[in-house]
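Here is the structure we will look at, set down as structure tokens.
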Amino acid sequence: MTAIYGHRGAMGIYPENTLPSFKEALANGVEGIELDVQLTKDNEFVVLHDPTVDRTTNGTGIVSEMSLEEIKRLSAGEPFTHLKDYNENWMNISIPTLEEALMMMVPYQIEVNIELKPNLSEKKGVEKALLDAVQPFTEDLTINYSSFHLPLLKRMREVDEKVELAWLVKHDVPYPIDYLKTYHIDLFHISKKIALAEHSSFEKARILQQSRVWTVNDEEEMKTIIQKGVKAIMTDFPKVALDLRKQLAL
């Protein structure tokens, strides 16, 4: 069965990478959550997609140059007035720490995909620091890591040979299995463009079904990709995907 991951929670409905967004996805029954991390000036992991706070908060600044206290003062809800269910209470939504997010997910015993942004490679030792931060939650959550940046994945493997790693790819690549073997990566996180393509290298290599696919929001595309039997899809609208998967199973 194709698993459903909430992409940054349920970012089609709630402010991305926030606790309310994760709660929405979890309440709908997802098997996994995808989130992103950045590192503050005082070496705290926060759940945030961009290296700056400009797009997703009411503030400005580079995360790595800001303290956790400074980041916590910002509203992570104000910029999302365009979402249908926006209300003034969203002004009080803050950027969560990674610890806060994982703590909330523990009772659900789900899979969590943590994406490492390429800019994190600027911070020496970030791979071990992240693994150490996540360690207290590994008994209750199945955690895997992904990145577009292969050096980060390589160093993650050097720190922990058992950790599950996924390479994020936007475009079809030749001989994909060779990448898995050479870089000691477990699987791919591929764009929906690759999953929807006919005769892709992934399909020819028979590893499409072992890949997670992002970001799938159109219902017809969801249907096609689920029917291909991929490992998981990541979506901004997890309830829609879960309902559709249930219908397809009837």
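Before moving on, here are some points about what is shown:
- Residues with amide H under 5 Å from that of N113, placed H, sequence gap 5 or more: I33, E34, L35, N144
- Whichever lysines have a C-alpha closer than 18 Å to that of K72, once near sequence neighbours (fewer than 8 apart) are set aside: K41
- Taking every protein chain into account, the 1.4 Å probe leaves H82 with about 130 Å² of accessible area, to the nearest ten.
- Considering only alpha-carbon pairs that sit under 8 angstrom and 6 or more positions apart, the relative contact order computed for segment 18-148 is 27 percent.
- Cα-based shape type of segment 31-121, given that a ≥ b ≥ c are square roots of the gyration tensor eigenvalues and the cut on a/c is 1.5: oblate
- Surface composition of the chain: carbon plus sulfur atoms hold 49% of the accessible area, using a 1.4 angstrom probe and ignoring ligands, DNA and RNA.
- Across the chain, the relative contact order, built from alpha-carbon pairs under 8 Å that are at least six residues apart, equals 20 percent.
- Seen from A241, the other residues with C-beta closer than 11 Å to its C-beta sum to a net charge of -2, counting Lys and Arg as +1 and Asp and Glu as -1.
- Top of T138, T182, T56 by mean-square fluctuation, Gaussian network on the chain, Cα under 10 Å: T182
- Shape of segment 107-178, Cα gyration tensor, a/c cut at 1.5: oblate
- Using all pairs of distinct alpha-carbon atoms, the Kirkwood hydrodynamic radius of the chain works out to 18.5 angstrom.
- Projecting the Cα atoms of M156, Y86, L102 onto the charge dipole of the chain (Cβ charges, centred on the Cα centre) puts M156 farthest toward the positive pole.
- Solvent-accessible heavy-atom area per residue, rounded to whole Å², over segment 113-175 at 1.4 Å: 53
- Between the amide H of E164 and those of Y145, distances stay under 5 Å, these residues lying 5 or more places away or on another chain, with hydrogens modeled in the peptide plane.
- Judged by the gyration tensor of its Cα atoms, with axes a ≥ b ≥ c, segment 1-54 is prolate; a/c meets the 1.5 cut and a/b is the larger of a/b and b/c.
- Within the straight-line cut-off of under 17 Å between alpha carbons, the aspartates and glutamates reachable from K84 are E16, E24, D236, sequence neighbours fewer than 8 places apart in one chain being disregarded.
- Sites H82 and A27, calculated FRET efficiency, Cβ-Cβ separation with R0 22 Å, nearest 0.05: 0.45
- Listed peptides 33-41, 68-76 appear in the order 33-41, 68-76 once ranked by packing, highest mean of other Cβ atoms within 10 Å at the front.
- 5 angstrom amide H check on W214, placed H, neighbours 5+ away: I190, S191, K192, M234
- Estimated FRET transfer efficiency when R0 is 51 angstrom, pair I62-L250 (beta carbons, to 0.05): 0.55
- Neighbourhood charge, 10 Å Cβ-Cβ cut-off, centred on A3 and excluding it, Lys, Arg +1 and Asp, Glu -1: +1
- Charge tally for S67 (other residues, Cβ to Cβ under 12 Å; Lys, Arg +1; Asp, Glu -1): -2.
- In segment 111-223, lysine pairs closer than 16 Å at Cα, eight or more apart or cross-chain: 15
- Mean separation of Cα contacts under 8 Å (6+ apart) over length of segment 11-55, as relative contact order %: 27
The values are calculated or read from the model by the stated rules, or taken from the named source; none is laboratory data. Bear in mind the structure is a predicted one, so any value in this text is a computation, not a measurement. Every residue, glycine as well, gets a Cβ built from its backbone with ideal geometry; the counts of neighbours run over all protein chains shown. Areas reflect the complete protein model, heavy atoms only, side chains present, ligands, DNA and RNA absent. Shrake-Rupley method; radii C 1.70, N 1.55, O 1.52, S 1.80 Å.
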